[in-house]
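Asks: First the structure, then my questions, so here it is.
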Amino acid sequence: MGQPSAPLTPSPAPALAGSCQVRCAGCRWILTVAPGLTEFSCPKCQLPQMLPPELIRAPAQGIDPTKIQLPCARCKAILNVPHGLSRFNCPQCGVDLAIDLSKMQHYLGPPPPPPPEEVNEVAIDVEREEDEGGMVGETFTDYHPPKLSIGPPHPDPIVETSSLSAVQPPEPTYDLKIKDGLENSKALSCLQIETIVYACQRHLQYLPSGEKAGFFIGDGAGVGKGRTIAGLIWENWHNARQKALWLSVGSDLKFDARRDLDDVGATCIEVHALNKLPYSKLDSKSVGVRNGVVFLTYSSLIASSEKGRSRLQQLLQWCGPDYDGLVVFDECHKAKNLIPEAGSQATRTGEAVLEIQARLPEARVIYCSATGASEPRNLGYMVRLGLWGPGTCFSVFPDFLGALDKGGVGALELVAMDMKARGMYVCRTLSYKGVEFEVIEAPLEAEMMDMYKKAAEFWAELRVELLSASAFLSEEKPNPHLWRLYWASHQRFFRHMCMSAKVPAAVRLAKKALMENKCVVIGLQSTGEARTEEAVTKYGLEMDDFVSGPRELLLKLVDENYPLPPKPDAVPGEESVKELQRKRHSATPGVSFKGRVRKVAKWKVASDGESDEESQTESEHESTESDEEFQFCEICSTEEDKKKLLRCSCCAQLFHPTCLVPPLIDLVPENWSCHSCKEKTEEYLQARHTYLAEVSKRYEASKERKSKILEIIRSLELPNNPLDDIIDQLGGPENVAEMTGRRGMLVRASSGKGVVYQARNTKEVAMEMVNMHEKQLFMDGKKLVAIISEAGSAGVSLQADRRAINQRRRVHLTLELPWSADRAIQQFGRTHRSNQACAPECRLLFTNLGGERRFASIVAKRLETLGALTQGDRRAGPSLSAYNYDSGYGKRALMMMYRGIMDQASLPVIPPGCSSEKPDTIQDFTVKAKAALVSVGIVRDTIIGNAGKVSGRIVESDMHDVGRFLNRLLGLPPEIQNRLFELFISILDLLVRNARNEGNFDSGIVDIKANLIEQQGPPKIVHKDHMSGASTVLFTFTIDRGITWESATTLLDDKQKDGLGCASDGFYESRREWLGRRHFLLAFEGSDSGLFKIFRPAVGEALREMPLTELKGKYRKVSSLEKAHKGWQDEYQVSSKQCMHGPNCKIGSFCTVGKRLQEVNVLGGLILPVWGTIEKALSKQARQSHKRLRVIRLETTTDNQRIVGLLIPNPAVESVLQDLSWVQDIDD
């Protein structure tokens, strides 16, 4: 009873948590009793009292936490009931009790939440590293025919990508008829003979559609595709197939075809150039082409005569429906774009290539190109490969295309491997050993920077000017092509500017190379010929200086497309009054006072030589009498003889001359009109005069405005045509060999003042031979600099040929990257070919303008897929992927950037030159960026609101159009251009980094590296291709990825011995414990300062280097070597049996995260036939990275067997095998 009363308070005070309120038994006051208090005294009346029993919450005695606590239904005693017991007696009152499970849950309430799962940060890091894949291995391996030994070795080292080299072709079964002749003449190397054998073998097979199967030669420049084709024609000739069609890109290559046939000994086979033959039947008496090779270009395939007879029909007639000879599509990338992207049309060439294959089902088709399919959609015309269609996984080409798009780069790599395994594809290339690739950034010089800035400002002003001029013509129909022409010219203009900006660097590099006793090849795409010819037409053959391409382009755009109001008619005089009246009522009779009616001739403008009298006389001959004799006067309404009435020449009403006010008594003019008509005509003419004066004023003002703009353009400082500029700076045409498609050029006048336009050829050299002549001068060393354009580079060999006089090392400068990778590779292949004394140096020039990377971006994208598709490895092409922005990630990055600039969302990164501590800098940047996007037409419908704030919209199609953004970016002043570009790149990097972390990034072929890789048991055949005999095989490997303590200490000792160690090198342990253990690692500084190489006991070397801040944040250095040794050994042992998530991992034994000993399942051999099955099985997987198709490459450590194939995650193996329905052990 002696409890203190302090915790008691009267009711107005706020209640404490867990307290209760009671009424005092004495004074009836309401008191608040503190929690846990049972006895108290009222602070008012001092009466001692206690809480009633129902409010006392005393803890129950004797509770067993392992049992359920339930109250007895009768005595209310709390009972400890064991789990699972449903009937029992109360030990206190003896009543029989039963448990009602439905009510029990309600009584007990919800179960307590499970303790939060402990997140193992180290396991997350290791999982990310595993998802990113292993180290990228070597790209090429030396190539020797694996299953044939006929013929001499190739004269130059030949390589194949390592992924393709892991695939074995089928067994060769075809017996060559020309084998003996080739072994004696040694005309073809073993590689070329191998191709002929596999092509002929493939031509004996039929696709499920009933057509003969085709073959794809994807060899690079220098392997000798031409000679291989000649060998195929010669083999077919010996099999009584004496007709062949050879399609190529240029008619000049007919001479190469002739040379190749002679080289293989087929001198008796004639080559007929189709472009020299008439459109009549080829085997007719007049033409006389009975057999041999018909050589034609892709353009002549779609040609037709004036009478409508087509070359295609002519060829089909010559071949006949049962034709079983060769159809060779040489340089077959020219038939690309058969399956165009959305919005574009299929090319006629592509359709013709498809038609000739469909019409000749028995033909032996050869597709031949080093750049066969720069994009998967360009495989569309290769119908004879049998990758889609009846009897395959993909019924139509779009299905095949869709699967490749979903599968990403890895899928493209698999297609090439698949084709080789089925014996329909070879792809070897000249070794790139010795070829030096370098990307050189040519910064803009101060003068060029100023020029560029002014040009960008001018284009922005020109856009505003054209918009206002178009708005001024709102009632007129605007030019529908104006803006298309504007943006096309805008892009071409700044492309010219970028190219001109690189001229000083190109000249500097060229002069340096010449001093080092090398020679130079400069590659560009556009020659500026069109602008030069326009200037010559305009200014004459002699000019003060070289033509400025950008200036001529601007002048042409404004001169031809500036919106002018319609030109007003001449101010009307007396003639116009007559014209107006006559136009109103043509052929109305004129009346003289004498009463003679005559028909006036139909109105026509009199020529200068005709007088009015002559016109009148002529019309008198045609006069006729009127049939109607009587008419009514409009004034007095009396009927009168028609001859006595006057007719108004405008309204044709009739009047008595005497009824008029004043009455008419004199001779009436022929074009007489009544008073009301005369009044109306004068009013109209007056209004028209005023209108014409206004129109004339507007027209003159617009014309003057246009003249002023043209004057501004003429006064702008703009660079000269880069091609002429380079030739001039490197010593003129006497020292520079030009191989381009242009007909004429500007050269310095002999006096040194001004320039003169002259033809490129001389009297001795015909125009069509000028490029060959220039090439010879270069190869003979008479000229040491060559400039090539796309038009001049097809089929030209400029390598340091052992047979040529000029064997200096070639320095190949790419001043302007081509629009497509096909062309880029064609250019690189000019200076890197077989039989060369030394490999070239390739220099790719870029300016430091962000937008110029647009062109590199296109080529990088094409080279990436080109390397992947036609060479089985996307790293095969020169590495330009750092400049590839037009990807799925690029599109997302662009959308995020636009939304941030338009204030629709926050920017995911801090813009360049801004600080998060100073929000004003970010605001200032977005305002500038928005204004920049307005000036290049990306932000549309702009409205300037309060305080000058600009609002507008970006149309949906532009939100993802990276190409348009990079194009338009070129037209901005350099400073804002580079800041916008850097912002775009940093968002892109963030997205790619996140994708890597989440295991969603497609990195193509991944190398599995481990200390031990052993094959477990014999592989299993899971599918067999009946046509080629190739099969799909499941391999199972055991791999050990760990690093022993001894190996780890050796690594650290070696680093310290070399004197390259730093204070932070050593063993580390994780700061946190998981499952009672800490994780250990070895870290030492990598190639870059502040980044550390990481080695873990369970998984070996990590792919990613860790920043020092992250290392010190998650780990602490272990000073005791003994402690590190114990921790390392412990983790090494545990990781052999379980993953880093511990024994209770959700995925169980299938989990591989941080597991040292693993089982790896790889599906090798043919993949395309079982593609759909694998995709279906992987889509059911729990882990995100397991759902993705991943191509891996590994090499066994025991017998160096190389396997490339699809990684099948362990949980998916059973599902894949069930879906493939049958498994059979390979016979030993």
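Asks: Against the conditions (1) more than 30 Å from LYS454 (Cβ to Cβ); (2) in contact with a Pro (Cβ under 6 Å, 6 or more places away or on another chain), where does LEU718 fall short? Just the number, please.
Replies: Checking LEU718 against (1) more than 30 Å from LYS454 (Cβ to Cβ); (2) in contact with a Pro (Cβ under 6 Å, 6 or more places away or on another chain), the one that fails is (1).
Asks: Touching a Cys at 6+ places or on another chain (Cβ under 9 Å), surrounded by 19 or more Cβ atoms within 10 Å (Cβ to Cβ) and under 30 Å from ILE1192 (Cα atoms): does that describe THR195?
Replies: no
Asks: Provide a single number: the residues in region 1140-1166 that are crowded, with 18+ Cβ neighbours inside 10 Å, touching a residue at least 60 places away in the same chain (Cβ under 8 Å) and more than 16 Å from LEU1207 (Cα to Cα).
Replies: Total satisfying the criteria: 4.
Asks: Under 6 Å between Cβ atoms, at least 6 apart or on separate chains: pull out the pairs that start in region 280-298 with a residue that is part of a helix (DSSP H, G or I) and end on any residue that is modelled with pLDDT under 85.
Replies: Partner pairs satisfying both residue conditions: TYR298/LYS334; TYR298/THR349.
Asks: Only one of ARG698, ARG714, ARG688, ARG647 is charged (D, E, K, R), in contact (Cβ under 8 Å) with a residue 24 or more places away in the chain and closer than 30 Å to MET745 by Cβ. Can you tell me which?
Replies: When all the criteria are applied, what remains is ARG714.
Asks: Next up: Return the only residue of ILE985, ILE976 being under 28 Å from ALA501 (Cα atoms) and either outside any helix (DSSP H, G or I) or under 20 Å from the mean Cα position of the chain (by Cα) (or both).
Replies: ILE985
Asks: Any residue that is among the small types (Gly, Ala, Ser), over 60 Å from the mean Cα position of the chain (by Cα) and open to solvent by less than 60 Å² (accessible area, probe 1.4 Å) - is there at least one of those in region 678-697?
Replies: The answer is no; no qualifying residue exists.
Asks: Of the numbered conditions (1) open to solvent by less than 30 Å² (accessible area, probe 1.4 Å); (2) part of a loop (DSSP other than H, G, I, E, B), SER251 fails exactly one; give the number of that condition.
Replies: Only one criterion is unmet by SER251, namely (1).
Asks: Something else about it: Give all pairs with beta carbons closer than 6 Å in which a residue from region 905-923 that is of a type outside the set (A, V, I, L, M) meets a residue that is open to solvent by less than 40 Å² (accessible area, probe 1.4 Å) and not in a helix (DSSP H, G or I); count only pairs at least 6 apart in sequence or on separate chains.
Replies: THR921/CYS914; THR921/SER915
Asks: Return the only residue of ALA273, ALA230, ALA257, ALA244 being in contact (Cβ under 8 Å) with a residue 24 or more places away in the chain, within 20 Å of CYS332 (Cα to Cα) and surrounded by fewer than 23 Cβ atoms within 10 Å (Cβ to Cβ).
Replies: That would be ALA257, the only listed residue that is in contact (Cβ under 8 Å) with a residue 24 or more places away in the chain, within 20 Å of CYS332 (Cα to Cα) and surrounded by fewer than 23 Cβ atoms within 10 Å (Cβ to Cβ).
Asks: Of LEU412, LEU466, which residue is in contact with a Leu (Cβ under 8 Å, 6 or more places away or on another chain), among the aliphatic types (A, V, I, L, M), at pLDDT below 85 and within 30 Å of LYS706 (Cα to Cα)?
Replies: Sole residue among the options that is in contact with a Leu (Cβ under 8 Å, 6 or more places away or on another chain), among the aliphatic types (A, V, I, L, M), at pLDDT below 85 and within 30 Å of LYS706 (Cα to Cα): LEU466.
Asks: Another one. Applying the selection to region 347-396, what residues are open to solvent by 10 Å² or more (accessible area, probe 1.4 Å) and of a type in the set (Lys, Arg)?
Replies: Listed by number, the residues that qualify are ARG348, ARG359, ARG364, ARG377.
Asks: Moving on to the next point. So ASN1161 fits all but one of (1) modelled with pLDDT of 85 or more; (2) touching a Leu at 6+ places or on another chain (Cβ under 7 Å); (3) part of a loop (DSSP other than H, G, I, E, B); what number is the exception?
Replies: (3)
Asks: Still on this structure, please answer the following. Just to be sure before I move on: is LYS76 part of a loop (DSSP other than H, G, I, E, B), more than 30 Å from GLU1073 (Cβ to Cβ), open to solvent by 90 Å² or more (accessible area, probe 1.4 Å) and at pLDDT below 80 in the structure I sent?
Replies: In short, yes.
Asks: Right, something else. Among the residues in region 515-524, are any open to solvent by less than 10 Å² (accessible area, probe 1.4 Å) and closer than 22 Å to LEU966 by Cβ?
Replies: Among the residues of region 515-524, at least one is open to solvent by less than 10 Å² (accessible area, probe 1.4 Å) and closer than 22 Å to LEU966 by Cβ, which makes the answer yes.
Asks: Let me ask something else about it. In the list GLU734, GLU768, GLU717, GLU738, which residue meets the criterion of being more than 34 Å from the chain's Cα centre (by Cα) and either more than 23 Å from VAL507 (Cβ to Cβ) or outside any loop (DSSP other than H, G, I, E, B) (or both)?
Replies: GLU768
Asks: Related question: Residue under question is THR658, and the condition is that it be open to solvent by 90 Å² or more (accessible area, probe 1.4 Å) and of a type outside the set (A, V, I, L, M); does it hold?
Replies: yes
Asks: Additional query: Given the conditions (1) part of a strand (DSSP E or B); (2) at pLDDT below 80, report the number of the one that ASP1219 does not fulfil.
Replies: (1)
Asks: Can you run down the residue pairs with Cβ atoms below 6 Å, 6 or more apart or on separate chains, where the first is in region 797-813 and touching a residue at least 12 places away in the same chain (Cβ under 8 Å) and closer than 14 Å to LEU777 by Cα and the partner is in a loop (DSSP other than H, G, I, E, B) and of a type in the set (A, V, I, L, M)?
Replies: Close Cβ pairs (under 6 Å, with a partner that is in a loop (DSSP other than H, G, I, E, B) and of a type in the set (A, V, I, L, M)) amount to ALA800/ALA837; GLN807/ALA800; GLN807/ALA837.
Asks: In the set GLY1029, GLY1061, GLY1100, which member is open to solvent by 30 Å² or more (accessible area, probe 1.4 Å) and at positive phi?
Replies: GLY1029
Asks: So, one more: In region 494-508, which residues are in a helix (DSSP H, G or I) and either open to solvent by 50 Å² or more (accessible area, probe 1.4 Å) or touching a strand residue (DSSP E or B) at 6+ places or on another chain (Cβ under 6 Å) (or both)?
Replies: If the condition is that a residue be in a helix (DSSP H, G or I) and either open to solvent by 50 Å² or more (accessible area, probe 1.4 Å) or touching a strand residue (DSSP E or B) at 6+ places or on another chain (Cβ under 6 Å) (or both), then CYS498, ALA501, ALA505, ALA506, ARG508 are the ones that fit.
Matching residues to (1) over 42 Å from the mean Cα position of the chain (by Cα); (2) modelled with pLDDT under 85; (3) outside any helix (DSSP H, G or I); (4) aromatic (Phe, Trp, Tyr):
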residue: GLU1069; (1), (2), (3), (4): yes, no, yes, no
residue: PHE1092; (1), (2), (3), (4): no, no, yes, yes
residue: ALA1098; (1), (2), (3), (4): no, no, yes, no
residue: THR1109; (1), (2), (3), (4): no, no, no, no
residue: ARG1116; (1), (2), (3), (4): yes, no, yes, no
residue: SER1119; (1), (2), (3), (4): yes, no, yes, no
residue: ASP1130; (1), (2), (3), (4): yes, no, no, no
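The values are calculated or read from the model by the stated rules, or taken from the named source; none is laboratory data. Because the structure is a prediction, the values reported are computed rather than measured. Heads up, the Cβs are rebuilt from the backbone with ideal geometry, glycines too, and the neighbour counts pull from every protein chain shown. For accessibility, only protein heavy atoms count, side chains too; no ligands or nucleic acids. Shrake-Rupley method; radii C 1.70, N 1.55, O 1.52, S 1.80 Å.
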